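The values are calculated or read from the model by the stated rules, or taken from the named source; none is laboratory data. Owing to the predicted nature of the structure, the values given are computational and were not obtained by experimental measurement. Please note: Cβ atoms are built from the backbone with ideal geometry, for glycine as well, and neighbour counts cover all protein chains shown. Side chains included, ligands, DNA and RNA excluded: accessible areas come from the protein's heavy atoms. Shrake-Rupley method; radii C 1.70, N 1.55, O 1.52, S 1.80 Å.
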Amino acid sequence: MRPLLLILLLTASFVAPSAQTVTGTITAEGGAALPNVSVRLEGTGLGTITDPDGRFVLSTAPGAYTLVASSVGYETTREEIVLQSTETVTVALVLEAATQDLGEVVVTARETLTGLGVIDLPGSAHYVGPEVLGRFAHGDLHRVLREVPGVQVQEEEGYGLRPNVGLRGTGSTRSSKITLMEDGVLMAPAPYAAPAAYYFPTVGRMDGVEVRTGASQIKYGPYTTGGALNLLAAAIPSAFEARATALAGANGQRTLHARVGESWADLGGVGLGFVVEGYLDNVDGFKRLQGPGGETAEDYNTGFDKGDLFGRLRLSTVPGARVFQALTLTAGYTDEVSNETYLGLTAEDFAATPFVRYAGSQLDRMDAEHLALRARHVAVFSERFDLTTTLYRNVFSRNWYKLDTVADGVADDSTDSGVTDRAFGIAAILDDPVRFADELAVIRGTDGGQLLVKANNRDYYSHGVQSVAGLRLGGGAFGALVEVGVRVHGDGMDRFQWADAYTMGDGQMVLVSEGAPGTDSNQLVDARAVSSFVQAEVTRGRLSLTPGLRYERVTLRSRNYGRNDPERTGADLVVTENTVGALIPGLAALYRVTGALSFFAGVHRGFAPPDTRPETRPEESVNVEAGLRYGTPSLAVQAVGYFHDYANLLGADLAAGGGTGSPDQFNGGEVDVKGAELSLTADLARPARIAGWAFPLRFAYSFTDARFQSSFVSPLEGWGTVHVGDALPYVPRHQVGASLGAERGPASFALAGAYVSEMRAVAGQGAIPDAERIGSHVVLDAAAEWAVRPQLSLFGRVNNLTDATYLVARRPAGLRPGLPRTIAVGVRARL
């Protein structure tokens, strides 16, 4: 009954006052109409873009507003307007070219993959902007990416704390097979040595998310097969801005996000700008701990507390300087405590009580801290030459204390852990609950037994310097932008782990013996990489060609001290080292048939670095794509077909994928991936000429067919015994993501949905066995917002509107559910 009442309340928000209209035109200084200019009413969430003639229409309630018009390459323009009842206001704005602020345009180009638009890119690309991100106020990247085709995600704990994202069949486990960036800088904990993303920036504080695939993304490596994902952090505003969002919801959810920023073009002879923000996200969790008799501990927290602090400071030359220069300092700090586990459920328990957790997971907890520092210098020597240099440093420490193995025997005093030789991993126990009935009983809370809880303690670092020079040649009907970049990078991981032994008594875990730090995994892994690229965008008339060449040289080294040398004396030291070099060419082409219609195609080499063992080969592939793009202010369509021919696919032995948790990778041989993608965005109110309304529509469809072309036996749980023609696990064949909104005046409503077809948990072909099937599912979300005043609005959202119960994974150990119906309400304020 309560969800029904909420839906009625959200729908009732459309009983709105009559809307007033703002119309106008936007031109350049010479009088030329400017299409695709962003026009918005500041602080309301209402916005549009200009049509090919530079015209726009917006409708809202009476009141005083600030109209903001912005476009890359032009100064942002603001105009104060007052809307009276039944009045239409017409404005004519002229945008000045951003010559004095050219450096900021360059910075934007360097930090983004898509330039915040995709119409002229010679390859597949997608951008999710702040309006779309704010519509549902998601902190879960998986939900954000549902409307981007070609993206495969695997949910894990329901909140997206550690996203599993793949592009075009690369594999999604810990997002370790794609290039991950924040503001154009590598952000994985150790991108070469240990790329598994146990840290991921909070998407709820981001201004945008970009995804780029195809031949023109090779300059962003090192992972060039699937593509790159870039998060855009808070930009320094051009004028004073302050905003805050507060959200409260089911299961004790409490989210607070605040940001303030300001800029001065000339403050005592120097340009100055800053932005600072904080993001706090807390939830008690939707799962309940289960005891031996099936009872639940209602007060047990299965959620998380996560906090982000972020800031930028920019110093720049004043307008009119002969050489524009800007130095931007960025710092971010994240602290997370999450009561998360790798322990799932048996199939029988999932069917009966999918939202419980076994008593054996009661101590599972992740403690993590992340610090990111960046310094970016931009020098614009002329309209034809610029140089952008970035220094960066990331430090990530985490200890995921979680149940690892279980035994039902008496402690063996000859082992440090105090566990018998009959200990079995939790994945094996849940896969065969009949054989391991005694061990499963202990996990469920039966007295006795032995539970080994491992402290997966690891420290990561990554640092480097990257520099990109841009040279603009020609002009008019023939021109070229040549970019040359180089990056010197180092990263590493320190694994210093141990395990503690517990016994179960009255449903509570009691410590038996403490393990000594360094007696489980005791290993240093590091990487040194030098990469460079040259890429040119050559335009002649309607044709653009983008040839590029990337070079990667990587040396990876492991120093394994073993379990018997926690002091790291080197008595049992085993050293492995692997050095690889790769030339990665690419060529993309774009042909503009009309101002709205274009065709593109590309071919490029795919690459991913191996591990430290010489027998592990780099991942290699040849990738082709072809597509068309059509774009107007009211409709944008992109359709793409692609084929990836892997000479060698790499699989990672990650605990998140059901493996042992080592840093090892395994050769998977030849794999073919073919697919098709369709995306569409539109405002249905424009062609229907429905004045005062907007009906934003977003739609994405992905078809992916990924199959092994060689036979082998693999130690990876998800591969096993592989035959030619076997489909890759956790790659759904069909995916659909869509959203439809309705906006009128101060009110808006949106409904979003996602469909994922069934997929395999283990490589295979033919009918999927029940024990290896991840069933298809449909999930619907809804959101509504009401602008009480231009600077203040109330909003609400419902995740999983129909309260569907669905399986998202059978790994790392057992079955895991998706997020059940979750309701939240909040308030937004902006100055």
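Considering only residues in the range 419-446 that are assigned to a loop (DSSP other than H, G, I, E, B) and without any contact (Cβ under 8 Å) to a residue 40 or more places away in the chain, the one that is most open to solvent (accessible area, probe 1.4 Å) turns out to be Arg435. Pairs meeting the criteria (first residue in the range 205-218 and at negative phi, second residue among the acidic types (Asp, Glu), beta carbons under 7 Å, at least 6 apart or on different chains) are Arg205/Glu277; Arg205/Asp308. In this structure, is Arg789 of a type in the set (D, E, K, R) and buried (at least 21 other Cβ atoms within 10 Å of the Cβ)? So Arg789 fails the test. Taking the condition in contact with an Asp or Glu (Cβ under 6 Å, 6 or more places away or on another chain) and either in contact (Cβ under 8 Å) with a residue 12 or more places away in the chain or not basic (Lys, Arg) (or both), does Lys306 pass? Taking the combined requirement at face value, the residue satisfies it. Checking each residue in the range 644-665 for being buried (at least 17 other Cβ atoms within 10 Å of the Cβ) and either more than 25 Å from the chain's Cα centre (by Cα) or closer than 30 Å to Val118 by Cβ (or both) picks out His644, Tyr646, Asn648, Leu649, Leu650. Hydrophobic (A, V, I, L, M, F, W, C), open to solvent by 60 Å² or more (accessible area, probe 1.4 Å), modelled with pLDDT of 80 or more and assigned to a strand (DSSP E or B): does that describe Val82? So Val82 passes the test.
Criterion applied to Gly675, Gly631 was being under 24 Å from the mean Cα position of the chain (by Cα) and in a strand (DSSP E or B), and the one residue passing it is Gly675. Residues in the range 207-217 that are buried (at least 23 other Cβ atoms within 10 Å of the Cβ) and modelled with pLDDT of 90 or more: Glu210, Val211, Arg212, Thr213. Could we say that Val827 is farther than 19 Å from Pro732 by Cα and either modelled with pLDDT under 95 or not aliphatic (A, V, I, L, M) (or both) here? When the stated conditions are applied, Val827 does not pass them. Beta carbons closer than 9 Å, at least 6 apart along the sequence or on distinct chains, pair a first residue in the range 791-807 that is at positive phi and assigned to a loop (DSSP other than H, G, I, E, B) with a second that is modelled with pLDDT of 95 or more and open to solvent by less than 30 Å² (accessible area, probe 1.4 Å) for Asn800/Val779; Asn800/Asp781; Asn800/Tyr806; Asn800/Gly818; Asn800/Leu819; Asn800/Pro820; Asn800/Thr822; Asp803/Pro820. Of all the numbered requirements in (1) open to solvent by 30 Å² or more (accessible area, probe 1.4 Å); (2) more than 30 Å from Ala589 (Cα to Cα); (3) modelled with pLDDT under 95, Gly449 misses one, and that requirement is (1). Among the residues of the range 85-105, those identified as touching a Gly at 6+ places or on another chain (Cβ under 9 Å), of a type in the set (Gly, Ala, Ser) and at pLDDT below 80 are Ala97, Ala98.
Given the structure, is Arg686 buried (at least 18 other Cβ atoms within 10 Å of the Cβ), in a strand (DSSP E or B) and of a type in the set (Lys, Arg)? The answer is no for Arg686. Number of residues in the range 302-324 that are within 30 Å of the chain's Cα centre (by Cα), surrounded by fewer than 18 Cβ atoms within 10 Å (Cβ to Cβ) and more than 14 Å from Gly273 (Cα to Cα) equals 3.
Only residues that are in contact (Cβ under 8 Å) with a residue 60 or more places away in the chain, out of contact with any Asp or Glu (no Cβ under 6 Å at 6 or more places or on another chain) and open to solvent by 10 Å² or more (accessible area, probe 1.4 Å) were counted across the range 395-404, and they come to 2.
Can you confirm whether the range 322-341 contains a residue that is outside any loop (DSSP other than H, G, I, E, B), of a type in the set (A, V, I, L, M, F, W, C) and closer than 17 Å to Pro433 by Cβ? No, the range 322-341 has no match at all. If you go through the range 140-155 and keep only what is surrounded by fewer than 24 Cβ atoms within 10 Å (Cβ to Cβ), in contact with a Lys or Arg (Cβ under 9 Å, 6 or more places away or on another chain) and in a loop (DSSP other than H, G, I, E, B), you end up with just Glu155. Within the range 342-394, the set of residues being open to solvent by 10 Å² or more (accessible area, probe 1.4 Å), among the small types (Gly, Ala, Ser) and in a loop (DSSP other than H, G, I, E, B) comprises just one member, Ser382. Does at least one position in the range 818-828 carry a residue that is more than 26 Å from Pro163 (Cα to Cα), in a loop (DSSP other than H, G, I, E, B) and not charged (D, E, K, R)? No, the range 818-828 contains no residue that is more than 26 Å from Pro163 (Cα to Cα), in a loop (DSSP other than H, G, I, E, B) and not charged (D, E, K, R). For the range 598-631, a residue qualifies if it is of a type in the set (A, V, I, L, M, F, W, C) and either in contact with a helix residue (DSSP H, G or I) (Cβ under 9 Å, 6 or more places away or on another chain) or open to solvent by less than 50 Å² (accessible area, probe 1.4 Å) (or both), and the qualifying residues are Phe600, Ala601, Val603, Phe607, Ala608, Val624.
Please tell me if Arg773 is of a type in the set (D, E, K, R) and at pLDDT below 95. The answer is no for Arg773.
Let me spell it out: the conditions are (1) over 29 Å from Gln253 (Cβ atoms); (2) buried (at least 18 other Cβ atoms within 10 Å of the Cβ); (3) among the aliphatic types (A, V, I, L, M), and Ala752 meets all of them except one. Which number is the exception? Against the list (1) over 29 Å from Gln253 (Cβ atoms); (2) buried (at least 18 other Cβ atoms within 10 Å of the Cβ); (3) among the aliphatic types (A, V, I, L, M), Ala752 comes up short only on (1).
Residues in the range 164-194 that are surrounded by 24 or more Cβ atoms within 10 Å (Cβ to Cβ), at negative phi and in contact with a helix residue (DSSP H, G or I) (Cβ under 8 Å, 6 or more places away or on another chain): Asn164, Val165, Gly166, Thr173, Thr179, Ala188.
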